[in-house]
Amino acid sequence: MEALLPASLKRLKEALERLPGIGPRSALRLVQALLKKPELLQALWESLGEAAQQVRSCMRCGFWAQEELCTLCQDPTRVEPVLCVVKEPADVLAIERSQAFRGHYHVLGGVLDPLAGVGEDQLRLSVLWQRLRTEGYQEIILALGTSPEAETTAYYIARHLADWPGRITRFASGIPVGSDLEYVDPLTLARSLRERLPLSL
């Protein structure tokens, strides 16, 4: 069936397939939808060009920006002396949706994964060490997720900062609201037991 596609559409489909979560069938449906709406295809083309030319990583925190500093780093109301370390820029958006954090962020750009060739030099760790030396933070939150690679990265950072005077914390791992215990995985249950809190009346 691939041979029936014009070469340009085949290249478009193959490019879409390289996106996360897009398989061959989804890519073909996207191609079909774009061809049915030429104005959508044109808007997508222009948006991709603008993003490629204008979007960069914030030189301070690593979040998406169109200037040297992102909007978060330029926000004078973010004065809480806490630095939240995350894996990717999308994690910043997830935390911001909670409206529960008013400190600053640091995007590593991944986690340590020797099997995939990702070491300290591939992450923004040297910038992190510099920020902790010079920006006066009192706490660092390691919000890297719970994968084995994320856990390894969190412990690596904690060991590196053994002599740092501030607090090193991580997000609490708990049972989702509305969940029955029989559906909660054993690791989450174990962490919930270890990190249990007193009941406030």
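See the values below:
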item	result
Qualifying residue in the range 70-79 (condition: part of a helix (DSSP H, G or I), exposed (fewer than 13 other Cβ atoms within 10 Å of the Cβ) and within 19 Å of the chain's Cα centre (by Cα))	yes
Extreme residue, farthest from ASP75 (Cα to Cα), among residues of the range 98-143 that are touching a residue at least 40 places away in the same chain (Cβ under 8 Å) and of a type in the set (Asp, Glu)	GLU139
Cβ pairs under 8 Å, 6+ apart, first in the range 7-34 and assigned by TED's automatic domain parsing to the domain that holds LEU48, second surrounded by 13 or more Cβ atoms within 10 Å (Cβ to Cβ) and not in a helix (DSSP H, G or I)	LYS13/LEU5; LEU16/ILE22; LEU30/ILE22
Failed condition for GLY62, given (1) loosely packed, with under 14 Cβ neighbours inside 10 Å; (2) outside the structural domain of GLY103 (by TED's automatic domain parsing); (3) in a loop (DSSP other than H, G, I, E, B)	(1)
From ARG124, ARG78, ARG102, residue being of a type in the set (D, E, K, R), at pLDDT 95 or above and farther than 23 Å from LEU187 by Cβ	ARG124
Qualifying residue in the range 162-173 (condition: surrounded by fewer than 15 Cβ atoms within 10 Å (Cβ to Cβ), assigned to a helix (DSSP H, G or I) and under 22 Å from the mean Cα position of the chain (by Cα))	no
Candidate set from the range 1-29 (those that are in a helix (DSSP H, G or I) and touching a Lys or Arg at 6+ places or on another chain (Cβ under 8 Å)); member that is farthest from LEU48 (Cα to Cα)	GLU2
Selection from the range 97-127 of residues that are of a type in the set (S, T, N, Q) and part of a helix (DSSP H, G or I)	SER98, GLN122, SER126
GLU39 vs. criteria among the acidic types (Asp, Glu), in a helix (DSSP H, G or I) and either in contact (Cβ under 8 Å) with a residue 60 or more places away in the chain or over 29 Å from ASP91 (Cα atoms) (or both)	yes
Filter result for the condition that a residue is surrounded by 13 or more Cβ atoms within 10 Å (Cβ to Cβ), among the hydrophobic types (A, V, I, L, M, F, W, C) and over 30 Å from ALA15 (Cα atoms), over VAL118, VAL107, VAL82, VAL92	VAL82
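The values are calculated or read from the model by the stated rules, or taken from the named source; none is laboratory data. Please read these numbers as outputs of a predicted model, since none were measured by experiment. Ideal geometry is used to build each Cβ from the backbone, glycine not excepted, and the neighbour counts take in all protein chains shown.
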